[in-house]
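Structure first, then comments.
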Amino acid sequence: MMIPIPDFTVGNTITIAIAIYKQNWKKYLKLSLIAHLWLLIPIYGWARYFAISAWISKLSFNELAKDFNRLNCQQYFKLSSLIKLFAIGISSIFIPIILSNIIMIPLAIILPIILKILLQFWNALDFIENNLFLLGYLALFIYYLIWIWIYTRLFITDLAYENYLKNARIYPYPINRSYHLTKNNMFKIYQIIWVSFLISIPIYLLVLITMFFVTLIFYVMQPDKRYLLALFFPTVLYFSHGLLLPFWQSVKAVVFYQLTQKNNQLSIW
């Protein structure tokens, strides 16, 4: 089944990603669950997780590029490749975290001053003391906005892996590639990430509700078997994250495809 590629909009991107996942859900879900099992093994297992995630993105990209030739996944799982994939994967996570923390330091100093100015007609100190939780959530929300904005520039590093592996590019190549392709489309990708997150919320809510009721049942009906919750909670989280990973990797593939089309660079592979 061919997937038509309409204009690059937030709605079209999400719709196409869902269509790709729906078409290949058995294969993608199996890969995702295996990837999450690898997370139990430090370093090497994490590298395998990044490799499988990138492989799902590659499969999704090929659905869009209509390239149905037999794909060679072995290049993703050689030791040298795993080292590179681990380095890029960790970088794409920690670079936004580090930069967000650097940005938040001056904001943490400025925010109370702004509040005092805004609340000059009331007792600003009492307001701050009485609303510490509210201010904490506000700071967390601002931090998350900043983190996502920075992560937007590294959103498609997964899709630059293959060129990186084939041509022995230097370490930052996928980061530079993602940074270059996203620079004129940051706000649109920012919206895509947020909408994708909102679509994921029902699954997380279902997980939380399930965990709440199971906990309640154990405490009321099976108090002597509460130790089983230690096995139940990780299992539920494992399946929920396993279910969502292919969706996110498909979203990345659609974004990358649209950006390379827009820049006439589809021949990157």
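The values are calculated or read from the model by the stated rules, or taken from the named source; none is laboratory data. All figures in this text were calculated on a predicted structure; none of them were measured in a lab. Please note: Cβ atoms are built from the backbone with ideal geometry, for glycine as well, and neighbour counts cover all protein chains shown. In case anyone asks, the SASA skips ligands and DNA or RNA and just uses the protein heavy atoms, side chains included. Shrake-Rupley method; radii C 1.70, N 1.55, O 1.52, S 1.80 Å.
Points to keep in mind about this one:
- Single unsatisfied condition, ASP67 versus (1) of a type in the set (D, E, K, R); (2) at pLDDT below 70; (3) assigned to a helix (DSSP H, G or I): (3)
- Candidate set: the stretch 19-41, residues that are among the β-branched types (Val, Ile, Thr) and surrounded by fewer than 16 Cβ atoms within 10 Å (Cβ to Cβ); chosen: the one farthest from the chain's Cα centre (by Cα): ILE41
- Residue within the stretch 220-235 that is surrounded by 16 or more Cβ atoms within 10 Å (Cβ to Cβ) and either of a type in the set (Val, Ile, Thr) or modelled with pLDDT under 75 (or both) present: no
- Sole exception among (1) open to solvent by less than 70 Å² (accessible area, probe 1.4 Å); (2) at pLDDT 90 or above; (3) assigned to a helix (DSSP H, G or I) for TYR143, by number: (2)
- Conditions (1) outside any helix (DSSP H, G or I); (2) open to solvent by less than 40 Å² (accessible area, probe 1.4 Å); number of the one not met by ASN72: (2)
- Filter result for ILE192 (of a type in the set (Val, Ile, Thr) and within 15 Å of the chain's Cα centre (by Cα)): yes
- Index of the failed condition, LEU198 passing every other in (1) open to solvent by less than 70 Å² (accessible area, probe 1.4 Å); (2) modelled with pLDDT of 80 or more; (3) out of contact with any Pro (no Cβ under 9 Å at 6 or more places or on another chain): (1)
- Residue within the stretch 81-98 that is part of a helix (DSSP H, G or I), over 25 Å from TYR190 (Cβ atoms) and without any contact (Cβ under 8 Å) to a residue 40 or more places away in the chain present: yes
- Residues that are open to solvent by less than 50 Å² (accessible area, probe 1.4 Å) and within 13 Å of TYR49 (Cα to Cα), drawn from the stretch 75-85: TYR76, PHE77, SER81, LEU82, LEU85
- Test: residue in the stretch 47-69 that is over 17 Å from SER250 (Cβ atoms), of a type outside the set (Phe, Trp, Tyr), surrounded by fewer than 16 Cβ atoms within 10 Å (Cβ to Cβ) and out of contact with any Gly (no Cβ under 7 Å at 6 or more places or on another chain): yes
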